[in-house]
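Have a look at the structure below before the remarks.
The values are calculated or read from the model by the stated rules, or taken from the named source; none is laboratory data. This one's a predicted model, so the numbers in the text were calculated from it and none came from an experiment. Cβ sites come from the backbone with ideal geometry, for glycine too, and all protein chains shown count toward neighbours. Ligands, DNA and RNA are excluded from the accessible area calculation, which covers all protein heavy atoms including side chains. Shrake-Rupley method; radii C 1.70, N 1.55, O 1.52, S 1.80 Å.
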Amino acid sequence: METRSVTPAGPPGTQSATGLAALKNVARFMTLVETLKSRGPYLPGLGVFNGPSGFGKTYAAIYAMNITRAPRLEVGDSWTKKKFLENLLREVGVEPGRASIADLTEMAIEALADDFDRPLIIDEADKLVDKGMIELVREIYEHAQIPVVLIGEELLPQKLAKYERVHNRVLCWVQAEPCDLEDAAALAELFCPELSLSEDLLQLVIDKSGGRARRIAINLDQIARDVALSGNGPLLASSFNEDFFFTGEPPKRVRRAS
């Protein structure tokens, strides 16, 4: 078994001024944003970033928000069109006041069009589609002519296909991918930088986490807590019981192997 120690520093540029780790999904998201920003005349400006829950889509969006100053909305289950517009206006520094949906839409368009190079990031965009509100986003995009990134779960592209006027304005479709060894090492540097984890342990963490960044972070935190309680020891895959790791299912027990 490979027990070579991996120093979890990640690739160059992994750690940024944002304090976040630039995982490969972050790089994919930033490439999507830059493609939309640099698109040629008459090309559409919508982008879609989709994938399973826990793959780090929101993490990537927050990273991009910090870099590009993009307004970012995370759509709530209870949101109406008016609530969406009010939150969008507040995100760009405009107090909505008491206004109709049509007036709020005009205010949002004017505010966003002031900086047409700054993208708008909409997380949980599935909810806008499910509620029949996605055409409102198209209207705002059409008039403000800013890049818009829609983030959602795996089936977001299929859902958008039902709205032709939105679907045919998508320039880029990008899928989030599961974390690999470099991603896990970057997360380890972020969550437990004082530990040196073997490559086989990092791979086991990936496998047990299903490649989901959120679960990898939870497992790395569990490892750090376990080491703090149990004392230092060789941090290899064989150091931990199979049922130690968080998989999303209730664990049978949480204890290091002796």
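Scan the stretch 53-74 and give yes if some residue there is closer than 19 Å to ASP117 by Cα, touching a residue at least 40 places away in the same chain (Cβ under 8 Å) and in a strand (DSSP E or B), otherwise no.
Yes, the stretch 53-74 has at least one match.
Would you please name the residue that is modelled with the lowest pLDDT, looking only at residues in the stretch 20-46 that are of a type in the set (Gly, Ala, Ser) and part of a loop (DSSP other than H, G, I, E, B)?
Initial filter on the stretch 20-46 (of a type in the set (Gly, Ala, Ser)): 21-22, 27, 38, 40, 45.
Now drop any that are not part of a loop (DSSP other than H, G, I, E, B), which leaves 22, 38, 40, 45.
Numbers: ALA22: 70, SER38: 94, GLY40: 91, GLY45: 95.
Checking each candidate, the answer is ALA22.
Has the stretch 54-68 got at least one residue that is charged (D, E, K, R), under 21 Å from LYS159 (Cβ atoms), out of contact with any helix residue (DSSP H, G or I) (no Cβ under 8 Å at 6 or more places or on another chain) and modelled with pLDDT of 90 or more? Give the derivation first.
Residues of the stretch 54-68 charged (D, E, K, R): 57.
Add one more test, that the residue is under 21 Å from LYS159 (Cβ atoms), and what stays is 57.
Still in the list and also out of contact with any helix residue (DSSP H, G or I) (no Cβ under 8 Å at 6 or more places or on another chain): none.
Scanning the stretch 54-68, I find no residue that is charged (D, E, K, R), under 21 Å from LYS159 (Cβ atoms), out of contact with any helix residue (DSSP H, G or I) (no Cβ under 8 Å at 6 or more places or on another chain) and modelled with pLDDT of 90 or more, so the answer is no.
With PHE116, PHE49, PHE84 as the choices, which residue is touching a strand residue (DSSP E or B) at 6+ places or on another chain (Cβ under 9 Å) and either free of Cβ contacts under 8 Å to residues at least 60 places away in the same chain or in a loop (DSSP other than H, G, I, E, B) (or both)? Before the answer, list the steps.
Details: PHE116 fails: touching a strand residue (DSSP E or B) at 6+ places or on another chain (Cβ under 9 Å); PHE49 fails: either free of Cβ contacts under 8 Å to residues at least 60 places away in the same chain or in a loop (DSSP other than H, G, I, E, B) (or both).
The match here is PHE84.
All but one of (1) open to solvent by 60 Å² or more (accessible area, probe 1.4 Å); (2) out of contact with any Cys (no Cβ under 9 Å at 6 or more places or on another chain) hold for ARG212; which doesn't?
Exception for ARG212: condition (2).
Would you check which residues across the stretch 210-242 are more than 22 Å from the chain's Cα centre (by Cα), modelled with pLDDT of 85 or more and not in a helix (DSSP H, G or I) and list them?
Passing the criteria: none in range.
Filtering the stretch 119-128 down to residues that are of a type outside the set (Asp, Glu) and either part of a strand (DSSP E or B) or touching a Leu at 6+ places or on another chain (Cβ under 9 Å) (or both), which residue is farthest from VAL33 (Cα to Cα)? Even if it seems obvious, please write down each step before you answer.
Our first condition is that a residue be of a type outside the set (Asp, Glu); within the stretch 119-128, this holds for 119-122, 125, 127-128.
Filter again for either part of a strand (DSSP E or B) or touching a Leu at 6+ places or on another chain (Cβ under 9 Å) (or both), leaving 119-122, 125, 128.
Working: PRO119: 7, LEU120: 10, ILE121: 9, ILE122: 12, ALA125: 16, LEU128: 21 Å.
Ranking the candidates gives LEU128 first.
Would you be able to say whether some residue in the stretch 100-113 is outside any helix (DSSP H, G or I), out of contact with any Leu (no Cβ under 6 Å at 6 or more places or on another chain), within 21 Å of ARG69 (Cα to Cα) and among the acidic types (Asp, Glu)?
Of the residues in the stretch 100-113, the ones outside any helix (DSSP H, G or I) are 100.
Subset that is out of contact with any Leu (no Cβ under 6 Å at 6 or more places or on another chain): 100.
Pick out the ones that are also within 21 Å of ARG69 (Cα to Cα) and you get none.
The answer is no; no qualifying residue exists.
Check every one of the helices (runs of 4 or more DSSP H) wholly within the stretch 129-200 and list those with 3 or more residues that are open to solvent by less than 60 Å² (accessible area, probe 1.4 Å).
Values: elements: 134-144, 156-160, 164-167, 181-191.
Counting at least 3 such residues, we get 134-144, 156-160, 181-191.
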